[in-house]
Amino acid sequence: MLNTTIWAPRVLAILRIVTALLFLEHATMKFLQFPAPIPGMNYPLPAIVLVAGAIEVITGTLIAIGFYTRVAAFIASGEMAAAYFMGHAPQGFWPALNMGEPAIFFCFIFLYLAVAGAGAWALDNARRPSLA
């Protein structure tokens, strides 16, 4: 029988780390045009995109290392909700058609992390074990 008590914090940590690294990729596309520039994005970047990129760099890094995970994830969740409603929802109702599915996924994964915490392998655990 699978011991979920042992594996749940580890799988939560994997979800946290992978999601944060994918989130950071959006920031590198904005600021470094790596691995590619954002399709259709004009440079210099508009102020709102610069702010979004800064939020992605800061919260993505904090979430990846598991430091102040709950706060960072809550802020990242809010950014993704704003991105969906400001950038995708005006393009149409259906997320599959307005290209908003990634924003929705990020929003709800980050919301989950804000409630569940960092899981295993996080600096939060060394800072205050009760927040794991």
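Is it the case that some residue within the range 55-68 is without any contact (Cβ under 8 Å) to a residue 40 or more places away in the chain, touching a helix residue (DSSP H, G or I) at 6+ places or on another chain (Cβ under 8 Å), open to solvent by 70 Å² or more (accessible area, probe 1.4 Å) and farther than 30 Å from T5 by Cβ? Yes, the conditions are met somewhere in the range 55-68. Screening the range 36-50 for residues that are part of a loop (DSSP other than H, G, I, E, B) and in contact with a Lys or Arg (Cβ under 8 Å, 6 or more places away or on another chain) and picking the one that is nearest to A20 (Cα to Cα) gives I38.
Checked against (1) modelled with pLDDT under 95; (2) in a helix (DSSP H, G or I), G53 passes all but condition (1). M80 fulfils the conditions (1) open to solvent by 90 Å² or more (accessible area, probe 1.4 Å); (2) part of a helix (DSSP H, G or I); (3) under 15 Å from T19 (Cα atoms); (4) touching a residue at least 24 places away in the same chain (Cβ under 8 Å) except for a single criterion, (1). Of the residues making up the range 22-33, those that are surrounded by fewer than 17 Cβ atoms within 10 Å (Cβ to Cβ) and in a helix (DSSP H, G or I) number 4.
Take the residues in the range 34-49 that are open to solvent by 80 Å² or more (accessible area, probe 1.4 Å) and at pLDDT 95 or above, then tell me which one is nearest to L123 (Cα to Cα). Looking at the filtered set, the residue picked out is F34. Note on the range 89-125: residues that are open to solvent by 50 Å² or more (accessible area, probe 1.4 Å), of a type in the set (V, I, T) and within 11 Å of the chain's Cα centre (by Cα) total 1.
The values are calculated or read from the model by the stated rules, or taken from the named source; none is laboratory data. All figures in this text were calculated on a predicted structure; none of them were measured in a lab. In this analysis, Cβ positions are derived from the backbone assuming ideal geometry, glycine residues included, and neighbour counts consider all displayed protein chains. Keep in mind that these areas ignore ligands, DNA and RNA; they rest on the heavy atoms of the full protein, side chains included. Shrake-Rupley method; radii C 1.70, N 1.55, O 1.52, S 1.80 Å.
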